[in-house]
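The values are calculated or read from the model by the stated rules, or taken from the named source; none is laboratory data. Keep in mind it's a predicted model, so treat the numbers as computed, not measured. Glycine also receives a Cβ, built like all others from the backbone with ideal geometry; neighbour counts cover every protein chain displayed. All accessible areas refer to the heavy atoms of the entire protein, side chains included, with ligands and DNA or RNA removed. Shrake-Rupley method; radii C 1.70, N 1.55, O 1.52, S 1.80 Å.
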Amino acid sequence: MGPSAVPETSHAGSPTWVAAAVSDDAFTLEQASLARFWTFVGYRSDIPNHGDWFTTTLGSASIFIQREKERIVAFENRCAHRFYPLRTSPRGNGPIVCGFHHWRYDADGRAIGVPKSNDMFGAKPADLCKSLNGLEVATCGDLIFARRPAPERGETLEDFLGDAYALVAALSMPRAKPIRIVQDVAAHWKFLHHISLDDYHLVAVHPSTFGKKGYLKPETVRYVRFGRHSAFFDSADDVCLRDVSAACAQGRFQPATYLIVNIFPNFLISLYRAPDVFGSTHWYASAIRYRAVARDRTLVESRLYPTTFETPQRGVSRTLRPVIDRIMPSIVAIVARRIMREDNAICAGLQSTAHQIDGDQMLGRFERRIGWFEEAYARALEGGPGASDNHDEGR
Ligand code: FES
Ligand SMILES: [Fe+2]
């Protein structure tokens with residue numbers, strides 16, 4: 001979507017790219033369409049034991065993710081009897097039993113326990129053939145992705161993440177307990193995702209951190225487009241994402257620069273250097289999900305942590321590393337919170353005038369990834385929630 005493109009108008013009267021921020025109907029349609037794509041929904045390490053579960057959302061639907069021995073399963077969070085939510089708290093452990101009439105489900109979502117089944121329904125549970133709505137689940141490193149079943153599309157999560165798969169997997173692994181930050185922002189999720197794809201705002205919005213040294217130099221900005229996704233490497237050297245991922249898969253990746261990988265539609269993971277301590281370098285990662293709650297409300301769910309990438313450690317720094325791993329995340333979190341608050345304020349501002357938007361965004365050189373994202377978004381929404389997606393995305 002270039003600067004001179006004529007915007008298409010949605011049924012809500014806004015240009016299609018912003019309609020879901022303005023109209024509740026367009027937001028519902030957007031969320032239903034995006035739920036067909038692999039979407040980051042949580043962390044494997046949050047459900048380490050058999051029976052552990054947590055609730056979250058996919059599109060606009062409440063879902064729960066559960067560990068069943070070595071398997072991770074996910075279901076829409078509603079009973080097959082009369083649709084009561086099966087999980088009514090953020091996390092827990094235990095079998096799937098509805099609190100309304102005590103129907104019980106197995107790990108495949110089949111109703112296997114129905115109190116007084118013959119008396120009430122004239123059949124045994126197995127003959128009632130009632131099941132939960134299951135979701136497809138796949139993992140990459142510590143990350144869990146889910147999507148609504150899409151039998152017509154054979155795209156695995158590995159296909160979906162493409163050349164970034166092994167890099168994302170490596171980045172997702174914390175070396176020490178992560179710090180979690182959740183911020184509730186009065187803005188459509190796309191404004192937040194856009195600002196994470198924007199390297200032009202740093203001086204104006206983050207003057208004391210990212211923008212402290214002025215504008216980025218074009219010769220050290222390396223953008224990579226892969227599938228529906230994109231990445232930015234702050235590097236003077238050319239970057240081959242496939243090579244970076246191969247190095248990660250072989251455990252020989254040595255971080256050298258800031259990088260960020262934005263995974264369509266609403267997830268990102270970035271790698272950055274924390275302040276050096278006693279001459280040793282510490283590389284941290286932030287994983288952020290922009291979880292859509294309403295057309296004008298997003299939960300920004302972040303996790304930040306020291307990565308497992310090994311950097312040479314000497315003497316005192318090696319000895320102090322466990323201590324630094326305990327203290328440094330809190331220091332990094334102070335800065336991260338400030339940066340996010342600065343971005344959030346801009347996005348809330350954009351939301352306040354979203355209904356007045358009547359054209360395309362004018363995207364400069366350091367904003368080109370927003371255009372790539374919007375192309376993928378437009379294709380994802382083409383034809384609505386039931387559409388197949390056979391388009392080849394540009395590289
Ligand atoms: S609604 Fe779940 S058992 Fe009745
Ligand atoms: Fe920012």
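If we scan the stretch 2-10, do we find a residue that is at pLDDT 95 or above and either of a type in the set (Asp, Glu) or out of contact with any strand residue (DSSP E or B) (no Cβ under 6 Å at 6 or more places or on another chain) (or both)?
no
Is there any pair linking a residue in the stretch 119-147 that is more than 30 Å from GLU301 (Cβ to Cβ) to one that is at pLDDT below 95, with Cβ under 8 Å and at least six apart or on different chains, and which?
No pair meets every condition.
Just to be sure before I move on: is THR209 surrounded by fewer than 20 Cβ atoms within 10 Å (Cβ to Cβ) and closer than 25 Å to ASP243 by Cα in the structure I sent? Spell out how you get there, then give the answer.
Numbers: surrounded by fewer than 20 Cβ atoms within 10 Å (Cβ to Cβ): yes; closer than 25 Å to ASP243 by Cα: no.
Spelling it out, it is not the case that THR209 is surrounded by fewer than 20 Cβ atoms within 10 Å (Cβ to Cβ) and closer than 25 Å to ASP243 by Cα.
Within the stretch 71-91, can you find the residues that are touching a residue at least 40 places away in the same chain (Cβ under 8 Å) and away from ligand 1 (no atom under 12 Å from the Cβ)?
ILE72, VAL73, ALA74, PHE75, GLU76, ARG91
Just to be sure, is ASP24 modelled with pLDDT of 95 or more, open to solvent by 70 Å² or more (accessible area, probe 1.4 Å) and not assigned by TED's automatic domain parsing to the domain that holds GLN356?
Yes: the conditions hold for ASP24.
Looking at the stretch 58-66, is at least one residue outside the structural domain of LYS177 (by TED's automatic domain parsing), surrounded by 14 or more Cβ atoms within 10 Å (Cβ to Cβ) and without any contact (Cβ under 8 Å) to a residue 12 or more places away in the chain?
no
The conditions are (1) more than 16 Å from ligand 1 (Cβ to nearest atom); (2) in contact with an Asp or Glu (Cβ under 7 Å, 6 or more places away or on another chain); (3) at pLDDT 95 or above; (4) under 17 Å from VAL41 (Cβ atoms), and MET173 fails exactly one of them. Which is it?
Of (1) more than 16 Å from ligand 1 (Cβ to nearest atom); (2) in contact with an Asp or Glu (Cβ under 7 Å, 6 or more places away or on another chain); (3) at pLDDT 95 or above; (4) under 17 Å from VAL41 (Cβ atoms), only one is false for MET173: (4).
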